[in-house]
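Here's the structure, in structure tokens; my notes come after.
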Amino acid sequence: MDTSSLLNHLKGKEFHLSIETSGNPCKLTYKGNKYSLCIKNINFAYRTNLDEYRVQIGEKMRVKLKEYHLNGYWALIFGYHKKSETFTAWDNKLLFSSRAKNRSLYTRASICNRANETGIEYYKYIDNLIKDQTVAITLVGKNLFKYFDLIKTFNLHQYKNFIAFYRKL
């Protein structure tokens, strides 16, 4: 999965997008807001729960995202689940609130598959490294712009905020 595939889903939605750098992570501007975007494939987590899937963000990617973030580019982390053709987003605090060199960010295959049918789903869990609750949000490509429209002003990765957002859809 490359970044351009994700951005192709955003075309035609009055998504006033300007891509400043290509590659992974890329830097872009949307509606005057600057973002750095990392996208990884979602794969099986190799743990006992067969429904548990994850993306892994290595140390070099974390350092680059943090550098961009400190320079005014809001860091976004997306995973792509090939089987369901869905995208999952995680809160950037999972990258920046832990000293771990590599980070695994989790979701469920069943959530990705269900999102393909409903358009948007969530997976609520406690992250073991930061000891805090977070929400992984899974969307079909046509709903990606909704996430971009709200992420900087409304933390969708907090359960109550996500539920309020979901009800507005």
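Looking at this model, which pairs from K83/K124; K34/K131; K101/K160; K34/K146 are more than 24 angstrom apart at the alpha-carbon?
Beyond 24 Å between Cα atoms: K34/K131; K101/K160.
Under 19 Å of direct C-alpha separation, and excluding same-chain neighbours fewer than eight residues apart, K82 reaches these lysines: K40, K142. Restricting the GluC sites (Glu not before Pro) of segment 33-123 to loop positions (DSSP other than H, G, I, E, B) with no more than 15 neighbouring Cβ atoms within 10 Å leaves E85. A simple charge model with +1 on the Cβ of Lys and Arg, -1 on the Cβ of Asp and Glu and nothing else charged puts the dipole of the chain at about 240 debye relative to its Cα centre.
Take the Cα atoms of the chain, build their convex hull, and give its volume per residue in Å³. It would help to have the intermediate numbers written out before the result.
On the way: hull volume 18.8 nm³, N = 169.
Considering the Cα atoms of the chain, their hull volume per residue is 111 Å³.
Take the alpha-carbon centre of segment 65-115, take the same for segment 136-150, and report the distance between them in whole Å. With segment 65-115 and segment 136-150 each reduced to a Cα centre, they are spaced 13 Å.
Only the coordinates and a few stated rules stand behind these numbers; no lab work does. Nothing here was measured: the structure is a model prediction, and the numbers come from that model. Glycine gets a Cβ as well: all are built from the backbone with ideal geometry, and neighbour counts include every protein chain shown.
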